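The structure under discussion appears below in the form of structure tokens.
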């Protein structure tokens with residue numbers, strides 16, 4: 001059972017050979033991303049389920065299956081069991097995780113790291129920690145809304 005206890009099982013990440021390019025709003029860097037034929041597994045790192053609920057409502061259950069974690073032990077377990085394609089760090093409703101430790105856990109091949117609330121001090125610390133690991137993160141300001149994340153998730157669907 002997922003860490004949030006909502007009864008959703010893990011979604012397997014597909015191994016489709018189709019890829020697409022992701023361009024960061026911060027610059028010209030791109031990365032190849034494999035598309036998945038099922039709902040895209042998204043892990044939200046936050047102190048509450050609010051962001052995950054918003055994402056599921058906006059994208060719909062056909063496009064996304066999400067889980068929320070708020071501590072390092074549950075984060076490690078969810079990454080292992082869920083195999084998320086996208087990890088969203090909600091810097092507005094931030095979990096009490098040290099930014100460097102969080103970045104080390106989510107900066108993995110095949111995972112798109114998104115920092116929601118890049119203007120927040122915690123969001124900046126997570127982005128800096130990702131950059132120190134030479135990992136790329138997508139940063140989105142609160143004023144830009146949730147739509148860029150919904151678009152990203154939908155773009156990963158085959």
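Derivation of every value follows stated rules applied to the coordinates shown; laboratory data play no part. What you see is a predicted model, and the numbers here were worked out from it, not measured in a lab. Cβ sites come from the backbone with ideal geometry, for glycine too, and all protein chains shown count toward neighbours.
Obtain the nm distance between the two label points defined at residue 143 and residue 38 by a simple spin-label model: each point lies 7 Å from its Cα along the Cα-to-C-beta direction.
It is 4.0 nm.
Please give the peptides 85-98, 121-134 ranked by average Cβ packing (other Cβ atoms within 10 Å per residue), highest first, as a rough proxy for protection.
On the way: 85-98: 21.4, 121-134: 17.4.
The most tightly packed comes first, giving 85-98, 121-134.
Could you give the length gained on full extension between residue 62 and residue 121, defined as 0.36 nm per residue of separation minus the Cα-Cα distance, in nm? Please list the in-between numbers first.
Numbers: separation 59, 0.36 × 59 = 21.24 nm, distance 3.37 nm.
Gain in length upon complete extension: 17.9 nm.
Over all Cα pairs of segment 60-158, how is the pair count split among 10 Å bins, expressed in % and running from 0 up to the last occupied bin?
Cα pair-distance distribution for segment 60-158, in percent: 15, 51, 32, 2.
State the volume of the convex hull built on the alpha-carbon positions of segment 46-91, expressed per residue in Å³ and rounded to an integer.
Taking only Cα atoms, segment 46-91 has a hull volume of 70 Å³ per residue.
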